[in-house]
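Engineer: Below is one structure. I have some questions about it.
The values are calculated or read from the model by the stated rules, or taken from the named source; none is laboratory data. Nothing here was measured: the structure is a model prediction, and the numbers come from that model. When we count neighbours, we look across all protein chains shown, and the Cβ atoms used for this are built from the backbone with ideal geometry, even at glycine.
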Amino acid sequence: MLRAVLDANVYVSAYILPQGPPGQIIERFLRDYAFEIVLTDAIVAEVLHALAYPKVRKAARSNVEAELWFEDIVVLARLVAGDRAVTPLSSDPDDDKYIAAAAEGGAPLLVSGDPDLLDIREHEGVRIVTPRQFLDLL
């Protein structure tokens, strides 16, 4: 089964606008189990932090609590320890945890809308793609 790491902006975008490509990705995961999501505690913490922003809650098109929505994803995802480190790659060092999680979890794809990550394109067998590209692969 295809494995992927999704960065925080993909989850936030999916929560705010479920019809967009990130929302379609989450729908395919929850409804069809079309792929496996790899997570670490650090990624979970960042997503929960981002979902708690007042502007995210205000923009959301859903009546479902953000934490409960994300909890459904976490329960079904593959959690890895997050022990792997990569040499600094991104101009935002906080982004490197996504590449490390993909490498550790055997995920050949990292899905992101972040230009800093997309500029890297590929590292240690992990390809970095946009949500639209990922949907096309599914």
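Engineer: Scanning the range 1-58 for residues that are of a type in the set (Asp, Glu) and outside any helix (DSSP H, G or I), which turns out nearest to Gly113 (Cα to Cα)?
Structural biologist: Checking each candidate, the answer is Asp7.
Engineer: Would you tally the residues in the range 78-103 being farther than 13 Å from Ile43 by Cβ, touching a Lys or Arg at 6+ places or on another chain (Cβ under 9 Å) and of a type outside the set (Gly, Ala, Ser)?
Structural biologist: 1
Engineer: Let me ask another. Could you check the range 61-77 and list, in sequence order, the residues that are part of a loop (DSSP other than H, G, I, E, B) and either in contact (Cβ under 8 Å) with a residue 40 or more places away in the chain or within 14 Å of Ala45 (Cα to Cα) (or both)?
Structural biologist: Selection gives Arg61, Ser62, Ala77.
Engineer: Still on this structure, I have one more. Return yes or no: is Ala59 touching a helix residue (DSSP H, G or I) at 6+ places or on another chain (Cβ under 7 Å) and surrounded by fewer than 20 Cβ atoms within 10 Å (Cβ to Cβ)?
Structural biologist: Yes; evaluated as a whole, the condition is true for this residue.
Listed here are the residues, each with its yes/no results for (1) part of a strand (DSSP E or B); (2) out of contact with any Leu (no Cβ under 7 Å at 6 or more places or on another chain); (3) at pLDDT 95 or above; (4) basic (Lys, Arg).
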| position | (1), (2), (3), (4) |
| --- | --- |
| Thr87 | no, yes, no, no |
| Asp95 | no, no, no, no |
| Ala100 | no, yes, yes, no |
| Gly106 | no, yes, yes, no |
| Gly113 | no, yes, yes, no |
| Gln133 | no, yes, yes, no |
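Engineer: Hey, among Val80, Val38, Val86, Val44, which residue is under 20 Å from Arg127 (Cα atoms), free of Cβ contacts under 8 Å to residues at least 40 places away in the same chain and crowded, with 18+ Cβ neighbours inside 10 Å?
Structural biologist: Val86
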